[in-house]
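Worksheet for the structure shown next.
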Amino acid sequence: MLTREAIFRQINADNVEPIQEIVAVDYDNALQMPLGFRHRGRYYKVMELIGSFQESPDDPSVLYLVRTQAGVYALYLDLWKEPGKGHLHRGQWVLHFRVEEEGEDRMLVDMKLKRAADFHGHLCPDLAIGYRACQYALRHLELELLWSPGLRVIVESACSAVDAVQRLTGCTVGNGRLVVRDYGKHVYTFVCGEGVGLRLTLRPEALPPDPDFLALEEKIKAGRATMLETARYQALLDERISTLLKLPDEVLFSARRVAVEWPDEPTTSALIPCDRCGEPVAASHLVTIDKRRLCQPCAEQKKVTPPDR
Ligand SMILES: [Zn+2]
Ligand SMILES: [Zn+2]
């Protein structure tokens, strides 16, 4: 099945099979999406709406990209104004094209990268950076890991790269061998043995800000991008990913050995109800204020957990 990213890759490469036929569509007014369409005697049920696009701000026509059991199709709701009838529109549905499935995800040649992308859900620049950081560190720490196994990692960003680290190193938040500090920085510290780590920092030259890319990203976030702009954005993303995968290690990261104090989380299985919200809390995570034992949100009085009483 084509991923969302692969769909836009195919559209950008014009790997589509043009159809251009008028079709009958079941349209749900409340959901504002097509539920299915009939084409050459066969019914195609919509399983997923990939996106809807208005191709120009002054044309009310809408292009829907839908996934059916037989592939991904572009359905075009062609709308035009009836002369002399005010705001009333007339329209027809056109089955525009089908996205070809051959050559899917040519981006993924490396099996380890493919596994990370499968785990994460897609291949993106942040995942590529995390992947490169792990490859670099595992190569450089190979010998040390032989006599001192039990790699641990500190990642200074809560982005997609965390999933690459979890998949490629086996260090996860759950097993306590991964600490995520959300500083928004591509900084990765790989710790093996006591007190020392290899700290990798993404060099600023590796991913310089690209105004065109950022402008397109804003447009997509605001829901104003056309289908071709969305496909073009995917192509720019792919260019970034290829660059990140190709750059030599030294150009991508600066690396240095650092002293590391691994944050020692007290672990306990004792659960004690918070004196304010009543929800059970690990004893190690309780905060005592005015003799009341509170969970952290209650201690900070974030009203996320209203008191029961
Ligand atoms: Zn991602
Ligand atoms: Zn509480």
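The values are calculated or read from the model by the stated rules, or taken from the named source; none is laboratory data. These numbers come from a predicted model, not from an experiment. Please note: Cβ atoms are built from the backbone with ideal geometry, for glycine as well, and neighbour counts cover all protein chains shown. Side chains included, ligands, DNA and RNA excluded: accessible areas come from the protein's heavy atoms. Shrake-Rupley method; radii C 1.70, N 1.55, O 1.52, S 1.80 Å.
Using θ = phi - 60° in the Karplus curve 6.51 cos²θ - 1.76 cosθ + 1.60, the 3J(HN,Hα) couplings for region 20-37 round to 6, 10, 6, 10, 8, 10, 8, 10, 9, 5, 5, 7, 6, 8, x, 9, x, 8 Hz; x is entered for Gly and Pro.
Database remark: amide H of Val72 closer than 5 angstrom to the amide H of Val99 (H placed geometrically; neighbours at sequence offset of 5 or more, or on other chains; Pro and chain starts carry no H).
A straight Cα-to-Cα reach below 15 Å connects Lys221 with the aspartates and glutamates Asp212, Glu229, residues fewer than 8 places away in its own chain not being considered. Considering all C-alpha pairs of the chain, those separated by over 35 Å amount to 44%. Among the trypsin sites (Lys or Arg not before Pro) in region 200-236, those located in a DSSP loop and surrounded by at most 12 other Cβ atoms within 10 Å of their own Cβ are Arg224. For the chain, the solvent-accessible area with a 1.4 angstrom probe is 57 square angstrom per residue. Once each of the GluC sites (Glu not before Pro) sitting in a DSSP loop with at most 12 other beta-carbon atoms within 10 Å is removed, the chain keeps 1-101 as its longest stretch. Taking Cα atoms only, the orientation of helix 211-221 departs from the longest principal axis of the chain by about 80 degrees.
3J(HN,Hα) couplings calculated from phi for region 246-261 with the Karplus curve 6.51 cos²θ - 1.76 cosθ + 1.60 (θ = phi - 60°) are, in sequence order, 9, 4, x, 3, 5, 7, 6, 10, 9, 10, 8, 7, 9, 7, 10, 9 Hz; Gly and Pro show x.
Using a 10 angstrom cutoff on alpha carbons, build the Gaussian network for the chain and name the most mobile of His120, His96, His140. The residue with the greatest mean-square fluctuation here is His140. For region 65-73, 3J(HN,Hα) computed residue by residue from phi via the Karplus equation (6.51, -1.76, 1.60; θ = phi - 60°) reads 9, 10, 9, 10, 5, 10, x, 9, 10 Hz, glycine and proline entered as x.
Identify which of Gly71, Gly170, Gly91 has the largest mean-square fluctuation in a Gaussian network model of the chain, with springs joining Cα atoms closer than 10 Å. Between Gly71, Gly170, Gly91, it is Gly91 that shows the largest mean-square fluctuation.
In a DSSP loop and with at most 11 other Cβ atoms within 10 Å, the trypsin sites (Lys or Arg not before Pro) in region 1-71 are Arg40.
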